[in-house]
1. Starting at 0 and stepping by 5 Å, how many percent of the alpha carbon pairs of region 39-166 end up in each bin?
2. Given R₀ = 30 Å, what would the calculated FRET efficiency be for Gln89 paired with Glu473, taking r from the Cβ atoms and rounding to 0.05?
3. In vacuum, with every alpha carbon of region 326-367 counted as one equal point scatterer, what does the Debye formula give for log10 I(q)/I(0) at q = 0.17, 0.18, 0.25, 0.26 Å⁻¹? Two decimals, please.
4. Mind giving me the FRET efficiency for Ala164 and Glu36? R0 is 35 Å, r the Cβ-Cβ distance, nearest 0.05 is fine.
5. Could you compute the FRET efficiency for Thr189 and Asp154, with r as their C-beta to C-beta distance and R0 at 30 Å, rounded to 0.05?
6. Test of understanding: what is the full-extension gain from Ser273 to Ser449, defined as 0.36 nm times their sequence separation minus their Cα-Cα distance?
7. I'd like the chymotrypsin sites (Phe, Trp or Tyr not before Pro) in region 496-525 restricted to DSSP loop residues with at most 15 other Cβ atoms within 10 Å, sorted by number.
8. What does the helix-only formula give at 222 nm for the chain: each DSSP H stretch with n ≥ 4 adding -39500 (n - 2.57), the total divided by the residues, and the result rounded to the nearest 500 deg cm²/dmol?
Amino acid sequence: MRVSPLPLLAACCLSAFSLPGRAQTTPALQITLTLEDYATLPQTGKVDGTGQIMGLLARVNFMRDEPGVARNRIFVNDLNGPLYILDKQTRQFTTYLNFNGSDGAPGLFRRLPLKSGFANGFICFTFDPDYAHNGRFYTIHLEDPEADGAAEPDITHFPGIKAAWRTTPLIPTPGRKFRDAILLEWTDTDTANTTFEGTARELMRVQMNGQVHPMGDLVFNPTARPGDPDWRVLYIACGDGGAGELKDPVMRANPQSLDNLVGKILRIVPDLSAHKPTSTVSENGQYRVPKDNPFAAKPGARPEIWAYGIRNPARLVWDDSHLLASVIGLYTWETVIEIRKGANYGYSLREGNQTLSADNKNGDLPADDRIPVRLRASDPATGTEDLVKPTYPLLQYPHLAGGGDAISSGYPYRGKSLPALNGKYLLADLSTGNIWWVDYKKMLAADVSKPQTTVPLNPVKVRWTRPGSTSPEVYGNMYPITELVYHQRGGTAKNLPGFAKVPNGGRSDIHLWSDSNGDLYITSKSDGMIRKVVGATSE
């Protein structure tokens, strides 16, 4: 079947995105979220709006509830280096760690890149499911291998760190060496205070071909319990480093090739003492690899790979048995996919539900919609006789007015205080600040073997009271809200800073986050704010 949905989308009203065969027959509910300013992050960027990165006031990237304890604390990271503890009662931030040791800053890593690349610096973190007992958590940061200074951390300003750790051998990726993505394991021996005291070790160091699409997220399966095969097994979203859109045929093939880790979802056991009967020690000796990973026994393939053919899986979310990824696209489609064992999501031969050619143009799907399994990126002739059909998105939206440039994050609503959101999955766009809802059951029911069955999106409005006012106003998206507060906090750029095409300049740069109670928050880098969803209506 041949699918060419872009002309249809361009011609129709974009109040609800849909594909052929999935048009909505009845008007969708209008959902309006009520927002409350929850916390203001310390400013780490420039107010003059210069540069695509540093003009953002505070590059808040992830929020995580501290698990297993009743301390009412949220951990929050800023791409510019800090890892904060946010007290839920006082709404005040305390710096727990600081990764920024570049250009003489007093942080840990002298090679931390901050001046270019949308996703750079201190990327993300997550807690071990048994954190309440073992104090362990995991972080990802980037390093510039050509920058001045040693790769080893500088712990001078961190007396609680017992000793510096050694770097691990670089896991190679075919093509140029531009960034290193580093996964660290931290063990805090006193989790009751607000400073780190303990040890750290490096688990892996992966070569990235560019300054974008890094190793971007870490998650554990929250449904796994002690004794389960997935208990304390870590899933890692590793972007392609921008390789899949390059003209170089070797680097372009990296997301499809099984000899490297980029453009993949990885699955490892961080704890060397765990799952010994069902896993093997990694090549660098720092973690274990489950034997039931789909390519663990395939000669020439990296055994850590769980799924592949993905451009930039910037966010992972577990919900029951479903592992969902928000994948930032190239020029045409932003997608949400369900991660399945051994699945190939098509990139860089597919984008969304269309083909992607070597000149980065989209086209119709071929009659025989199968892709050869590729073992080595450096040798196009080296592969297998196996052919695999791509796994297609659950939903997608285009780079058109009403859509956006880069998918943010999405969550099914699991709270109790907002009944209007029951059964809804909410997602957002980074640059435009657009938010949508979809029917979650219908989304999960989409047949990912059939590219035309993605679920339609419905726009969400937001209600917010600007500082100094007593009357709430309703907005079509988050962009005007973040722009207003960006200027109130001293931002001097005419519009929002950063690069974007669909809003024609500037990025609202928002993300959604759901806490352990299912409550929803919206963060924004442009104005350095965290807002909580305190109300929701449908009509």
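1. Reading the bins upward from 0: 2, 10, 18, 22, 21, 15, 8, 3, 1.
2. It comes out at approximately 0.55.
3. These q points yield log10 I(q)/I(0) values of -0.46, -0.51, -0.90, -0.95.
4. Once rounded, the FRET efficiency stands at 0.25.
5. 0.90
6. The Ser273-Ser449 span can extend by a further 59.5 nm.
7. Details: sites: Phe499, Trp513, Tyr521; in loops: Phe499.
Here the chymotrypsin sites (Phe, Trp or Tyr not before Pro) that fit, given the DSSP loop and packing criteria, are Phe499.
8. -1500 deg cm²/dmol
Readers should treat all values here as calculations from the given coordinates under stated rules, not as data from a laboratory. Keep in mind the model is a prediction, meaning the values are calculated, not measured. Note: ideal-geometry Cβ built from the backbone for every residue, glycine included; neighbour counts use all protein chains shown.
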